[in-house]
Amino acid sequence: MPVEPITKDIKKEIIRSSLEQIVLGNIPFVGSAIAKYGRIFIQSEFDNEIDRWRSDVTNLLNQLEGAVERLSQCMSISDLSFQVGLVVSSLSVDGIAEPFEISDLLGKMPDVVLEELIEACGELSHIGLLELSQRVNSLGSLEIYNDFFKVFDPFVHGWYPEVDAASLAVYVANQSKNESICISADTIASHFDWRPRRLNPALLIVGEYISDARKCTSYTPPWAHKHIWADPKERAALRQMARDILGK
């Protein structure tokens, strides 16, 4: 969830302050008690903005804390493995589970010993976030799984693929009621104002609930699925998934 910056309309503040002085300060028979309660009703727009901003920051920190807690509960990994995860997440162009060369990773982490880097990748492979493949005369490659983005995207990009997937699930369920229209990835991206890097991990999660017959899988960027549509049973499953994640 992005935190919107605080904005202050100086003109409104001057008007509000002047009004407060006129109503609460310059009328002799307005007692202190009335003045006290009067200020409650003449609420500053800037005060509201401050409250909203604090709420956004609190929610964001709570979400990040939740992500850290889930990560610590489900796995225990070394600092280097965690660093590898952050680098790969930042380098992924489109958020599709894709092959990634060890040589490219080594170029981004030149201070890391190759053998230690491969061991760190093996650790991430062991816990099921990617697959490490090595061949003769090659450093090897990583096949990134979608669970990888669930774990590391919140730390790198500030978004949560599972939360995005819940919002997307509701949207797909609602739009799929029209049986003559297949929902395109372009339409979804425009609706949420998400680029492929953010949409694809969520799209892949939603795609797990939908039959191959009702999704057009793209094997080239930018989309994990070009089109998608859910039948009534799948729509029910998507709505339940959204309730489980969003808690409502």
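Remarks
- Which numbered condition Gly122 misses (of (1) open to solvent by 40 Å² or more (accessible area, probe 1.4 Å); (2) farther than 24 Å from Asp164 by Cα): (1)
- Residues that are in contact (Cβ under 8 Å) with a residue 60 or more places away in the chain and either buried (at least 16 other Cβ atoms within 10 Å of the Cβ) or within 18 Å of Asn174 (Cα to Cα) (or both) within the range 196-222 comprise Pro196, Arg197, Arg198, Leu199, Asn200, Pro201, Leu204, Pro222, listed in sequence order.
- Among residues of the range 148-159 being in contact with a Leu (Cβ under 8 Å, 6 or more places away or on another chain) and surrounded by 17 or more Cβ atoms within 10 Å (Cβ to Cβ), the one that is nearest to Gly207 (Cα to Cα) is Phe148.
- Ser89 falls short on exactly one of the conditions (1) surrounded by fewer than 19 Cβ atoms within 10 Å (Cβ to Cβ); (2) in contact (Cβ under 8 Å) with a residue 60 or more places away in the chain; (3) among the polar types (S, T, N, Q), and that condition is (1).
- Residues of the range 97-139 that turn out to be of a type outside the set (A, V, I, L, M) and within 18 Å of Gln83 (Cβ to Cβ), as a count: 16
- Residue in the range 155-172 that is more than 20 Å from the chain's Cα centre (by Cα), part of a loop (DSSP other than H, G, I, E, B) and hydrophobic (A, V, I, L, M, F, W, C) present: no
- For Leu204: the one exception among (1) within 17 Å of Asp94 (Cα to Cα); (2) assigned to a loop (DSSP other than H, G, I, E, B): (2)
- For the range 126-134, the condition holds for at least one residue, the condition being that it is in a loop (DSSP other than H, G, I, E, B), open to solvent by 30 Å² or more (accessible area, probe 1.4 Å), out of contact with any strand residue (DSSP E or B) (no Cβ under 8 Å at 6 or more places or on another chain) and of a type in the set (A, V, I, L, M, F, W, C).
- Looking across Ile205, Ile245, one residue alone is within 26 Å of His157 (Cβ to Cβ), under 14 Å from the mean Cα position of the chain (by Cα), among the β-branched types (Val, Ile, Thr) and modelled with pLDDT under 95. It is Ile245.
- Among the candidates Asp111, Asp104, residue that is farther than 21 Å from Leu203 by Cβ, part of a loop (DSSP other than H, G, I, E, B) and acidic (Asp, Glu): Asp111
- Looking across the range 87-144, the residues that are of a type in the set (S, T, N, Q) and farther than 25 Å from Arg197 by Cα come down to Gln134, Asn137, Ser138.
The values are calculated or read from the model by the stated rules, or taken from the named source; none is laboratory data. These figures come from a predicted structure and were not determined experimentally. Neighbour counts are summed over all protein chains in view; Cβ atoms, including those assigned to glycine, are modelled from backbone coordinates with ideal geometry. The protein model used for the area step is the full one, side chains on, heavy atoms only, and it has no ligands, DNA or RNA in it. Shrake-Rupley method; radii C 1.70, N 1.55, O 1.52, S 1.80 Å.
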